[in-house]
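For reference, the structure discussed in these notes is given below.
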Amino acid sequence: MNEKITEIAEKIIAGSLADRSEIEELFSLGESELWDILYWANKIRLKFFGKKINVCSIIPARLGGCTEDCKFCAQSGKYNTSFKKVEHSSDEEILNAARAAKENGVPHFGIVYSGKALSEAELKRLEKLLPIIKNEIGIDVCGGFGIVNYQQLMRLKKAGMSRYNHNLETSRNHFKNIVSTHDYESRIETVKAAKAAGLGLCVGGIFGIGETEADRIDMAFELRQLGADMIPMNFLHPIAGTPLGDMPTMKPLEILRLIALFRFAIPKAGIKIAGGRVLNLRDTQSWAFYAGATSLLSGNYLTTAGRAVEDDVRMLEDLGLEPNVMK
Ligand code: SF4
């Protein structure tokens, strides 16, 4: 067993945080010590989360036709994809999706809008829907509605939203290579506003979009500093028509190593395996939990098909883990 990895892992398990130079050292090992990294990442997960694995599902309530130009995204109206034009889910479609999530035993349900901002009319609609989902259907609601301010977040919280999802996407340094229509700081400000509003923070990003190892380390420390409770890790699913449509997908072992190193860097935040899981990890997807993941997004993703919740629950049970589902 590599002594340096053991020393850093034992320090984390004892309750301290690894400093940046230690995480950089772990990243610098590449895949040479992968199995030791995974072994300890799993130990860290067990220490802080036990065997529980959280399961959530989402509905895209406003899909496509986005004014922004995120180069990885099928929903940008700037690119020639099948999501170029905006589509709205009806109130009934959203409520039915929440009911289906509840029937599947999923304890967290996310409503996600494409686009940069939330209009007053959309905010009013959510103020009508959120209490029904939270109180009548009886499922915990998260929201992702783009760049919003403190007052809007307080209204959403009052209506029943418990957690806000707003991904940083990538590092501050790499962001300008990926998005030109808004800046990184506006994303940080939204995350800080959600925290100030007392909402849980579901904040992560997407990998395999040309970022360097240094970008990944920067992002991990930015997320740690912001106090993210849950870190969704998405892996590029290249979409024809987008500028990253020809990017090669990430290799499974590279992803497992990355999940594990995020577990070392941010030991007490949940790590959710989100978009791109099936395409990128293929048969190794169940290993993500032994690399330190604590949560998964089940069912369909925003623009790509996922796996049935019952298949994911069975996978977790087969692994001896405890899916956090309502039975
Ligand atoms: S990631 Fe969000 S903001 Fe960017 S293009 Fe896609 S929907 Fe729009």
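Just so you know, all these numbers are worked out from the coordinates, no wet-lab data involved. In this text the structure is predicted, and so the values were computed from the model without any measurement. Backbone-built Cβ (ideal geometry, glycine too); neighbour counts: all protein chains shown.
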Nearest-ten-degree value, helix 184-196 long axis tilted from longest Cα axis of the chain: 80
Give the shape of the range 164-242 as rounded, prolate or oblate, defined through the alpha-carbon gyration tensor: a ≥ b ≥ c are the square roots of its eigenvalues, a/c under 1.5 means rounded, and otherwise the shape is prolate if a/b is larger than b/c and oblate if not. prolate
For the chain, with +1 on Lys and Arg beta carbons and -1 on Asp and Glu, the positive-most of 223, 153, 315 along the dipole: 153
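Sorted by average packing, counted as other Cβ atoms within 10 angstrom per residue and highest first, what order do 8-16, 260-268 take?
Final packing ranking: 260-268, 8-16.
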Report, in listed order, any pair from 43/195; 85/251; 84/116; 85/157; 102/157; 71/251 with a Cα-Cα distance greater than 25 Å. 43/195; 85/251; 85/157
Compute the long axis of helix 120-131 from its Cα atoms, compare it with the longest principal axis of the Cα atoms of the chain, and write down the angle in degrees, 0 to 90, nearest 10. 70
Highest-first arrangement of 231-241, 115-125, where packing means the average Cβ count within 10 Å: 231-241, 115-125
Relative contact order (percent, whole number), the range 29-324, Cα cutoff 8 Å, 6+ residue spacing: 23
If the rule is a partner Cβ under 4.7 Å, which cysteines in the chain fail it? 56, 66, 142, 202
Out of 20, 62, 99, a Gaussian network model of the chain with alpha-carbon springs under 10 Å gives the largest mean-square fluctuation to 20
Alpha-carbon gyration tensor eigenvalues x 5, square-rooted, for the chain, Å: 30, 22, 19
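Could you check what % of the DSSP bridge pairs in the chain are antiparallel, to the nearest 5?
Around 10 percent antiparallel, to the nearest 5.
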